[in-house]
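The values are calculated or read from the model by the stated rules, or taken from the named source; none is laboratory data. Since the model is a prediction, treat every value here as computed from it, not as a measurement. A quick note on method: Cβ atoms are made from the backbone with ideal geometry, for glycine too, and the neighbour counts reach across all protein chains shown.
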Amino acid sequence: MAESYLELVITVKRIVTFLLLIVIVAGSIPVQAAKVGTEGSRVLIVYSPKQEEDLGQARMMDSLAGHFSNDIKIIEDQDWRSINPKDFTQIIYMGLEEKQLPGKLVSDIKLFKGTVYAFGRNSEQFGKRFSFVKRTGGVLVNKLKLTSNGFEMQTAEERLASIVTPSAKSKVLVSGMNGSTAEYPLVIQNGNDFYCGLESLFNPSGYFVGESLFSFFGQKPTGKHPMYLRLEDVHPKADAGELMKMAKYLDKRRIPYIVSLIPVYVDPQTHKETHLKDVPKLVRTLRYMQGHGGSIVLHGYRHQYRHQGTGEGFEFWDVDYDRPVYQDNDEKPKTRKDFKSGEAYKSFVQNGKAFERKYIKSAVENGVEELAAHKLYPLAFEAPHYAMSEAGYQILSEHFSTYVGQVQLTNHTWEGEYSAIYTSAPSFLNGMKLYPETIGYVSGDEPNSIAEMKEKAMNATHFSDSAIAGFYHPYLGFEKLKELVTALEGVPNAEWFDLKAEDNRTNVGQIRIQTSEGKVDVEKNSVTSKYERQMMISRWIPKIIVIISAVILFVLLIVRRRRKQL
């Protein structure tokens, strides 16, 4: 009897070990992938700041120029001696403060063989090269006008601009008005050189300056207006049935779309986490969406920090203190007043930067791994509330080639987020291509928000290569989505845009996701993360228990039969 029992134990142990090895040590399934990258002009943006925050204005110009070049460098005027102007094909100078410029900068721009775009103040110091404009004062404008097509747009508030008198041979590309019939020349072209008298690039000013860059770079517009819609803040608590209705409707209309997906839902009251493995019906819906026109975008990991609920909170920016995420969410927040010396605070910030990098990298890697475990393949990234530090963009660029939405310009504040009206590759995104959000979203509290989105879309068509891009929260319901789609389909010269048709790359650990011409290619091992291993083991445990139970019963029957024979 003891020997029979020992045989039973050994047999069961071998079976369990074999089954677990099948689950954990699974083979790999390699698939081919594609590369991403473009060539462009070599652009230098040099700016004279009035305050530290003016880096944001330089990065706005970076975002505009990024439509024409993926080789852009930004420097302050005081750092001019660190560069060789012969290394660049275009120079954009931004005079954000009236000052005497370094002599070498002035002489180099006077002699520069490429094209020069002067923005704001100090252009008169470049001598004969910019003698085609004379600044004689300042003016507030609240309407901008494109000379090329006569399109006019009201600004939300008055914008300060220089009063300039252009030469007879120069060409006015953009003018401004302020409640009268008088027009003030704002963007002027003289041969290969350009001048802009605006003081800021906050939109819609950036739209108009961006239009002038087609002439500056000598690039013809494509004549296309890509239009895309994001289904925003989809998370494990989303209504799978409502999403399926939307997916089938969009598929029937042959409308490609983007799904901004959050892998983990955190309850704001209990702080309990719900993962996709807990909602198999939603996973099936998301897979259907992915296979029928939807492109998955990773929208953070939890879309919350500290104790806000998923979808409400910021994840990669400490909005309470308007700074990067320097501490764990359950630690008491520390500020400068908590430290006796500047050195101690500096040490805290340095440690905080190390924490931030680890925190963001972990969230990105966990997000991609968890989605891939469910055969959901993110093609791009979108930061919650568009808020992220410079370090965050650096980390993202190590894993993604594509970013969706708007961008945070500096580490000074998350407010004043920005995007050009067209696709762009600004240098501070470290090689990522930005697909902008340009027309806003449907608000449940604003009955006219769809009409306002339609108006913004119509306005956008007056600008070359403009993207018509907005988002919709599925919790607002199926009927309102249909209303939005009907409104957008009435926009002339706009074509629905499929993110999968572009070159995108996602790279995390052993996972490689790439797209080209509508095809999604994936390379991954069958088990690539702790999450996937646990998910597979939990999925197999009931089956293993059934098998083990059957084996035990079978062995017991054999033992009993042998005992009877004895």
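Summary of computed values
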{"quantity": "Verdict on Asp62 being outside the structural domain of Ser401 (by TED's automatic domain parsing), part of a helix (DSSP H, G or I) and free of Cβ contacts under 8 Å to residues at least 60 places away in the same chain", "calculated": "no"}
{"quantity": "Yes/no for Lys50 being assigned by TED's automatic domain parsing to the domain that holds Tyr207, modelled with pLDDT under 95 and out of contact with any Lys or Arg (no Cβ under 6 Å at 6 or more places or on another chain)", "calculated": "yes"}
{"quantity": "Evaluation of Ser131 against (1) at pLDDT 90 or above; (2) farther than 24 Å from Glu97 by Cα; (3) of a type in the set (S, T, N, Q); (4) loosely packed, with under 14 Cβ neighbours inside 10 Å (one fails), failing number", "calculated": "(2)"}
{"quantity": "Unmet requirement for Val106, which otherwise passes all of (1) surrounded by 14 or more Cβ atoms within 10 Å (Cβ to Cβ); (2) in a strand (DSSP E or B); (3) β-branched (Val, Ile, Thr)", "calculated": "(2)"}
{"quantity": "Of residues in the range 420-451 being closer than 16 Å to Asn203 by Cα and touching a Ser or Thr at 6+ places or on another chain (Cβ under 9 Å), the one surrounded by the most Cβ atoms within 10 Å (Cβ to Cβ)", "calculated": "Ala420"}
{"quantity": "Qualifying positions in the range 83-103 - of a type outside the set (Lys, Arg), assigned to a helix (DSSP H, G or I) and closer than 12 Å to Leu44 by Cα", "calculated": "Pro85, Asp87"}
{"quantity": "Some residue of the range 233-240 being modelled with pLDDT of 95 or more and among the β-branched types (Val, Ile, Thr)", "calculated": "yes"}
{"quantity": "One residue from Ser82, Ser48, Ser123, Ser63 being over 23 Å from Gly416 (Cβ atoms), crowded, with 19+ Cβ neighbours inside 10 Å, touching a strand residue (DSSP E or B) at 6+ places or on another chain (Cβ under 8 Å) and among the polar types (S, T, N, Q)", "calculated": "Ser123"}
{"quantity": "Restricting the range 327-343 to residues that are surrounded by 10 or more Cβ atoms within 10 Å (Cβ to Cβ) and touching a helix residue (DSSP H, G or I) at 6+ places or on another chain (Cβ under 9 Å), the residue that is nearest to His271 (Cα to Cα)", "calculated": "Asp328"}
{"quantity": "Qualifying residue in the range 408-418 (condition: outside the structural domain of Ser63 (by TED's automatic domain parsing), hydroxyl-bearing (Ser, Thr, Tyr) and in a loop (DSSP other than H, G, I, E, B))", "calculated": "yes"}
{"quantity": "Filtered residue count, the range 430-469, keeping only those that are touching a residue at least 60 places away in the same chain (Cβ under 8 Å) and outside any helix (DSSP H, G or I)", "calculated": "15"}
{"quantity": "Condition met for Arg129 (in contact (Cβ under 8 Å) with a residue 40 or more places away in the chain, of a type in the set (D, E, K, R), in a strand (DSSP E or B) and assigned by TED's automatic domain parsing to the domain that holds Leu186)", "calculated": "no"}
{"quantity": "Any chance Glu273 is surrounded by fewer than 21 Cβ atoms within 10 Å (Cβ to Cβ), in contact with a strand residue (DSSP E or B) (Cβ under 6 Å, 6 or more places away or on another chain) and not aromatic (Phe, Trp, Tyr)", "calculated": "yes"}
{"quantity": "Test: residue in the range 355-375 that is surrounded by fewer than 18 Cβ atoms within 10 Å (Cβ to Cβ), among the aromatic types (Phe, Trp, Tyr) and assigned to a loop (DSSP other than H, G, I, E, B)", "calculated": "no"}
{"quantity": "Checklist (1) modelled with pLDDT of 95 or more; (2) in the same structural domain as Tyr288 (by TED's automatic domain parsing) applied to Phe428, failing item", "calculated": "(2)"}
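Conditions (1) out of contact with any helix residue (DSSP H, G or I) (no Cβ under 8 Å at 6 or more places or on another chain); (2) free of Cβ contacts under 8 Å to residues at least 40 places away in the same chain, marked per residue:
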position	(1), (2)
Pro280	yes, yes
Thr285	no, no
Gln290	yes, no
Tyr301	no, no
Glu315	no, no
Asp318	yes, yes
